[in-house]
Amino acid sequence: MSENPVLRVLDIVPGTSVDGPGLRTSIYFAGCAHRCPGCHNPESWDFSGGYPMTVGEILEEVEKNGFDVTFSGGDPMYQAEGLLPLAREIHRRGYSLWCYTGFMFEDIFLSPDKSQLLPFIDVIVDGPFIESKRSLSLLFRGSSNQRPIDVRRSSPGKIVLWEPDF
């Protein structure tokens, strides 16, 4: 696997405060087959959407902004193999990493390609968006079925939810 693969990126938004605690650089990746009814970003479903960026180019944007990082989309887990060197380097450089996905944590943990990302992710917000469970009062998630999971303290048999310290 290349250490500088090309990923499909929809947008990189520096200084956002809606995709995790503090100011973050959110990277929105193209492609999502979950197609959740009521999705706030259906234009992200197209796997050929956005534009190609290498891991090196994305890291330049992360460093330029200096904020912690969030992977979103679409669903970044569809590009798990290509994201691995990016996540590894973000972690090595000392940034916190959050990841939003429609996949369930237990399934990611058992997936040979997706699970390789887990050592580099601090919090994963899992599960599909469910319109009937939508609530604007939820912190950093769209529907009440989605879980902000503290990855380091969790396993498939023991989910530990992330708790804000502010």
Original post:
Looking at region 1-82, what strands (runs of 3 or more DSSP E) fall wholly within it and have at least 1 residues that are within 15 Å of the chain's Cα centre (by Cα) and farther than 19 Å from residue 147 by Cα?
Top reply: 6-16, 24-29, 68-73
Original post:
Got a number for residues in region 142-160 being exposed (fewer than 14 other Cβ atoms within 10 Å of the Cβ) and assigned to a loop (DSSP other than H, G, I, E, B)?
Top reply: 3
Subject >> Total residues in region 83-96, condition in a helix (DSSP H, G or I) and within 19 Å of residue 23 (Cβ to Cβ) >> reply: 2
Subject >> Lone qualifier among 69, 62, 125, 55 - being touching a Cys at 6+ places or on another chain (Cβ under 8 Å) and at pLDDT 95 or above >> reply: 125
Original post:
From the set of residues in region 91-102 that are within 14 Å of residue 151 (Cβ to Cβ) and without any contact (Cβ under 8 Å) to a residue 40 or more places away in the chain, which is farthest from the chain's Cα centre (by Cα)?
Top reply: 91
Original post:
Out of 60, 43, which single residue is within 21 Å of residue 93 (Cβ to Cβ) and either in contact (Cβ under 8 Å) with a residue 24 or more places away in the chain or open to solvent by 30 Å² or more (accessible area, probe 1.4 Å) (or both)?
Top reply: 60
Original post:
Within region 97-105, can one find any residue that is open to solvent by 70 Å² or more (accessible area, probe 1.4 Å) and either over 19 Å from residue 162 (Cα atoms) or part of a helix (DSSP H, G or I) (or both)?
Top reply: no
**OP:** Could you identify the single residue in 37, 52, 14 that is open to solvent by 40 Å² or more (accessible area, probe 1.4 Å), over 30 Å from residue 156 (Cα atoms) and in contact with a helix residue (DSSP H, G or I) (Cβ under 9 Å, 6 or more places away or on another chain)?
**Re:** 14
Original post:
Which one is farthest from residue 90 (Cα to Cα) among residues in region 114-141 that are touching a Leu at 6+ places or on another chain (Cβ under 9 Å) and not in a strand (DSSP E or B)?
Top reply: 116
Subject >> Sole residue being out of contact with any Ser or Thr (no Cβ under 8 Å at 6 or more places or on another chain), surrounded by fewer than 18 Cβ atoms within 10 Å (Cβ to Cβ) and either in contact (Cβ under 8 Å) with a residue 12 or more places away in the chain or basic (Lys, Arg) (or both), chosen from 139, 117 >> reply: 139
Original post:
Out of all the residues in region 67-94, which are touching a Gly at 6+ places or on another chain (Cβ under 8 Å) and aromatic (Phe, Trp, Tyr)?
Top reply: 67, 78
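The values are calculated or read from the model by the stated rules, or taken from the named source; none is laboratory data. Keep in mind that this is a model prediction, so the values were computed, not measured. Ideal geometry is used to build each Cβ from the backbone, glycine not excepted, and the neighbour counts take in all protein chains shown. Please note that ligands, DNA and RNA were not included when accessible areas were found on the heavy atoms of the full protein model with its side chains. Shrake-Rupley method; radii C 1.70, N 1.55, O 1.52, S 1.80 Å.
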